[in-house]
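One structure below.
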Amino acid sequence: MHNFMFGIVAISILLAAEDAFSACSWSGGTPSPLVRNIIVPSKMAINAVAIGDELARHTTDLWIGPISSQCPGVTTLDISLQTGLLPSSQAYIYETGIKGIGVKFCMRTSPTGGTTRCLPHSRQIDNGYGPFVSQDISVIFIRTGRDVASGKFSLKFKSDWKHVEHTLTVTSDSTVELINDVMFAGCESIGGAVNVPMGKQTIQNISKGSVKEVPFTFDVRCTGLAANTSVPVKVYFEGSSPGDGLLNLTNQGQAGVASGVGISVVNDKGIKLPFDIARSIKLDWNRSTPDGEIYRFVGSAKYVPTTGTMTAGRGDGTMNFVLNYN
């Protein structure tokens, strides 16, 4: 009789221990299904935005409602991300293989607010609290560089929302084509350095302002957009300059170099050439070619008096142009 009673007690203890281990429960309902496969649109157009901003996004509802996972004690919520995409140098952003475009995956984790967690994510859950299930997931495309291209890439990933013994899974195996009609994949100058032969000028003619302007031009080719697409491309200049429209002579103040003279530089509309990115001026679209869109700059240069006594000597000047686009 005594042995039989001990056997009953031992069985009861084992059952109680099992119940304590399985103490997690869902509050507010049971999420269903436990695995959701989402489909990202096969084609998405991107917007013209600054570097670091959002080009496009697609959001899919997951487990809508105030459903939470309740487990005793201090616990941990882990939301993993498994993907073949390589992580970029920026937090949470992965490389798509398309120039200038990255992607990140973010889940809204509150049914009443806008709390969003980008993946992967992990945090401690205090005793007495339970994390809400993910309400939706957003696939967000981010501009990561100046040059932005179009293209297709494989968007395959899996994410496990795991709290103790509760797991919810999101998967996707999509192919996405990002369509760019607003930004160039790249711009470059055509040809080498531009040489502007100023010739010999007399101090008298420079003083009177009677020297002729010498025209110069350069072309720029931009790629990545459909033919005959005209998107603004700007330019500014770098060099020794006291202000817009005026270039100091090279080696100014040294022996053999003219003094009291500078070089006036303007475009064909009479606008002084800027030496600051904030005052960049537009290039004119010229034509479309199989290799890209051609933009042209037309300007002119001439010697002008500056300050101090004007003396004869060499009158060379050098400046670089910097393209400002996208």
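The values are calculated or read from the model by the stated rules, or taken from the named source; none is laboratory data. Keep in mind that what you see is a predicted model, and the values were worked out from it rather than measured. Cβ: placed from backbone, ideal geometry, glycine included. Neighbour counts: every protein chain shown.
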Legend entry - Residue list for the range 309-326, restricted to those being part of a loop (DSSP other than H, G, I, E, B) and either on the phi > 0 side of the Ramachandran plot or hydrophobic (A, V, I, L, M, F, W, C) (or both): Met310, Ala312, Gly313, Asn326
Legend entry - Filtered residues of the range 291-308 (kept if touching a residue at least 60 places away in the same chain (Cβ under 8 Å) and in a loop (DSSP other than H, G, I, E, B)): Asp291, Thr306
Legend entry - Matching residues, the range 81-99, being within 14 Å of Lys156 (Cα to Cα) and among the hydroxyl-bearing types (Ser, Thr, Tyr): Thr83, Tyr94, Thr96
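Condition check: of a type outside the set (A, V, I, L, M, F, W, C), in the same structural domain as Gly52 (by TED's automatic domain parsing) and more than 24 Å from Pro41 (Cβ to Cβ). Does Ser134 satisfy that?
no
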Legend entry - The lone exception for Thr169 - which of (1) surrounded by fewer than 16 Cβ atoms within 10 Å (Cβ to Cβ); (2) in contact with a helix residue (DSSP H, G or I) (Cβ under 6 Å, 6 or more places away or on another chain); (3) β-branched (Val, Ile, Thr) it fails: (2)
Inset, instruction - Name the single residue, out of those in the range 89-113 being of a type in the set (A, V, I, L, M, F, W, C) and outside any strand (DSSP E or B), that is farthest from Ala48 (Cα to Cα). - result: Ala91
Inset, instruction - Evaluate the following for Asn267: is it modelled with pLDDT under 95 and crowded, with 17+ Cβ neighbours inside 10 Å? - result: no
Inset, instruction - Those residues that are free of Cβ contacts under 8 Å to residues at least 60 places away in the same chain and hydroxyl-bearing (Ser, Thr, Tyr), I need them from the range 126-157; list them, please. - result: Tyr129
Inset, instruction - Residue by residue through the range 200-226, note down the ones that are assigned to a loop (DSSP other than H, G, I, E, B) and either over 28 Å from Ala56 (Cβ atoms) or of a type in the set (A, V, I, L, M) (or both). - result: Lys200, Gln201, Thr202, Gly209, Ser210, Val211, Lys212, Glu213, Leu225, Ala226
Legend entry - Scan of the range 240-288 for residues that are under 27 Å from the mean Cα position of the chain (by Cα) and assigned to a loop (DSSP other than H, G, I, E, B), ordered by number: Pro274, Phe275, Asp276, Ser280, Leu283
